[in-house]
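Inspection log for the structure reproduced underneath, given as structure tokens.
Since every read-out is calculated from the coordinates, none of them should be taken as a lab result. From a predicted model like this one, the values you see are computed outputs, not experimental measurements. All Cβ positions, even for glycine, are placed from backbone atoms using ideal geometry, and neighbour counts span all protein chains on display.
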Amino acid sequence: MLVPSLYIVTPLLRFVLSGNLILLWNEFIQLEAHEIIDRLANRYHKKTNVSNHEVHYLLDCIFYDENKIPEMPEDWPPHSLDRDDDPFLWVAIAEKGEYIVSSDIRHILKLGNVCGIPIGTPKDFFDWVKITHPMK
């Protein structure tokens, strides 16, 4: 969900850049995001005139070292039908994340939550934030 937000300023990207959303990541997640950037580059470049090189740079800028998490152990039990999704879930569980934002309707969103951590779309996330962290 993060990659499309890097091409177009979305509420999710604004939340990240303002420091209100902490991105937890590891090498697998970073490599996966870079791969998605390359895969979507032509489509988004036509829409936004932003190059994949610019998006790669922005991605690396928002992945702060202090939020880097160890890699998922190989023997960690599967939580998703797609094993490539498990590292994302691992990071959230290992660091006691509050919410997992995803657009993966085939696997991650179907879970609804993992270990008590809710999973939803960006819209669901903002609805959740309004309830759980109301502005004063």
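Tabulated data
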| read-out | value |
| --- | --- |
| Over segment 77-136: Kirkwood hydrodynamic radius from C-alpha pairwise inverse distances, Å | 11.9 |
| Nearest-20 debye value, segment 1-68 charge dipole, Cβ charges on Lys, Arg, Asp, Glu | 440 |
| Given charges at Cβ of Lys, Arg, Asp, Glu: the chain dipole, positive-most of 29, 19, 128 | 128 |
| C-alpha center-to-center spacing [segment 69-125, segment 1-51] in angstrom | 18 |
| Separation in nanometres of the label points that stand 7 Å from Cα toward Cβ, at residue 128 and residue 67 | 1.5 |
| Computed E for residue 110/residue 14 - FRET, C-beta separation, R0 22 angstrom, nearest 0.05 | 0.20 |
| Segment 1-68, relative contact order [Cα under 8 Å, separation at least 6], % | 42 |
| Calculated FRET efficiency for the pair residue 74/residue 47, C-beta based, R₀ 41 Å, to 0.05 | 0.60 |
| Dipole magnitude (debye, nearest 20) for the chain, charges at Cβ of Lys, Arg, Asp, Glu | 860 |
| DSSP-loop GluC sites (Glu not before Pro) across segment 41-75, with at most 15 other Cβ within 10 angstrom | 71, 74 |
| Relative contact order of the chain, pairs being alpha-carbon contacts under 8 Å that are 6 or more residues apart, as % | 22 |
| Nearest-20 debye value, segment 78-136 charge dipole, Cβ charges on Lys, Arg, Asp, Glu | 260 |
| Helix-only [θ]222 nm of the chain, DSSP H runs n ≥ 4, -39500 (n - 2.57) each, per residue, nearest 500 | -15000 deg cm²/dmol |
